[in-house]
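The values are calculated or read from the model by the stated rules, or taken from the named source; none is laboratory data. These numbers come from a predicted model, not from an experiment. Using ideal geometry, Cβ is built from the backbone for each residue, glycine included, and neighbour counts are taken over all protein chains shown.
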Amino acid sequence: MANIKNILVVDDSSAFQMIARNELSKGNFQVFEAKNGDDAVQIIKENSIDLISMDIEMPGMNGFQTYQKMMDEKFFIQDNDDLSIKIPVIFITSLDTLAIRAEGFDVGSAEFLTKPFASGDLISSVEKLLSPKFPFKGLTALIADDSKPVRTILKTILSEQGLNVLEANDGLEAYEIASKNIKEIDLIITDVIMPHMDGEEFCRKVRFEMCEKEVPILFLSRLTDKERILDMFKAGATDYLIKPFVKEELVARMQIHLSSRQLNKQLEGKVFELKQVNKLKDEFLAICSHDLRNPLLAINGFTTFLLEENLDEEEQKTSLESIQSSVEYLLGLVNDLLDLRQFKDGNSTDLERSSMSIYHSAQICMESLRPLADGKNISMVLNSETGGRHFYFR
């Protein structure tokens, strides 16, 4: 049985708590309830909580203030000097405005659910956070922003999608990271105004200095000046979002760009596989051509020998036997190719191990080449040494 996850529902409305409790009971969750921020902090101190659903509009401490108190109470972990939320929080609000989103963005969160929501929305959001699907697992994103809280938010959102995240706190550091890893980077998200190197210059270097035309570059900025935005697109930007961004919009745009990137990578992989298959096919045909050519040359040589030489009956019989042996060898090769084709198509699984005599095979090979050797006055002798385990022609 899967581990039960503990969910804390913080809301001053008893009706909402009942709705949340009934909906979450459909999943493998244990629900704790708090009517205000102080109660929520106390419950977290006494219990292991996996996720919090928190109302924003509450008397006393509102949801954002409670969130801030949790930060002060150290319900977080340190990760590369960035504060990372240990307990994911879904903010619940009936006033989903840009101002509310901006306040949530400033305290370091971008996960919102608007009241009233449809049945199933809450449990869907909870399961998405606790058991992410990772649709873009294996892809890598580079974040360039001089704000640690913004990088933390972006890293959380990207990680939920399965991306490996590289971080830079300014354009120059982002440029150094991109210079070393540009072939592994699938998405770049960059601020515009940063110390040392701004986002526009960084974008130009990626596009024109590194000659990377395919990786999508998404700009995030509080700037709304149309001329500056146009300059960023001229520098090579793929898309643009204004801070504070709405998480759903960021994810939607990111998914469009990454889906295209993912498809291109899959196509590149298929092309590489086809090239490898064609290479193996060419090598296989070369080997087959060589192996089929030798017995044909032997047949031709013995036939010419029979037609041009005055042979006694015993010599004729030996030559005909050599021709027959070459024909049988050639037929065996053709049958092996047909069996291989049937096995590849799944029509035959009757493969049997059988022993063979290397010395006998060497004899057949030597005899098939003898007419060619005789025609060039070349002597062939088959020697075996060390108990018949080593053979060589002389």
Problem - Count of residues meeting criterion [outside any helix (DSSP H, G or I) and either closer than 20 Å to Leu285 by Cα or at pLDDT below 75 (or both)] in segment 314-356 - result: 11
Handout entry: Scope segment 94-111; condition buried (at least 19 other Cβ atoms within 10 Å of the Cβ) and either β-branched (Val, Ile, Thr) or closer than 21 Å to Ala15 by Cβ (or both); matching residues
Key = Ile100
Practice task
Any residue in segment 250-279 that's more than 22 Å from Phe134 (Cβ to Cβ): show its pairings with residues that are surrounded by 10 or more Cβ atoms within 10 Å (Cβ to Cβ) and at pLDDT 75 or above at Cβ separation under 7 Å, as long as the two are six or more apart or on different chains.
Solution key: none
Completion exercise
For segment 126-152, pairs from a residue that is under 22 Å from Leu220 (Cβ atoms) to a residue that is of a type in the set (Phe, Trp, Tyr), with Cβ under 7 Å and 6 or more apart or across chains, are Ala144/Phe202
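If the requirement is being among the acidic types (Asp, Glu), surrounded by fewer than 18 Cβ atoms within 10 Å (Cβ to Cβ) and either modelled with pLDDT under 90 or out of contact with any Asp or Glu (no Cβ under 8 Å at 6 or more places or on another chain) (or both), which of these qualifies: Glu160, Glu201, Glu173? Full working, then the answer.
Numbers: Glu160 fails: surrounded by fewer than 18 Cβ atoms within 10 Å (Cβ to Cβ); Glu173 fails: surrounded by fewer than 18 Cβ atoms within 10 Å (Cβ to Cβ).
Just a single option satisfies the conditions, and that option is Glu201.
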Practice task
Return the residue satisfying two criteria in turn: it lies in segment 24-45 and is modelled with pLDDT of 90 or more and closer than 17 Å to Leu129 by Cβ, and of such residues it is surrounded by the fewest Cβ atoms within 10 Å (Cβ to Cβ).
Solution key: Gln30
Exercise for the section: Considering only segment 223-244, state which residues are of a type in the set (A, V, I, L, M) and either in a loop (DSSP other than H, G, I, E, B) or out of contact with any strand residue (DSSP E or B) (no Cβ under 9 Å at 6 or more places or on another chain) (or both). Expected result: Leu223, Leu230, Ala235, Ala237
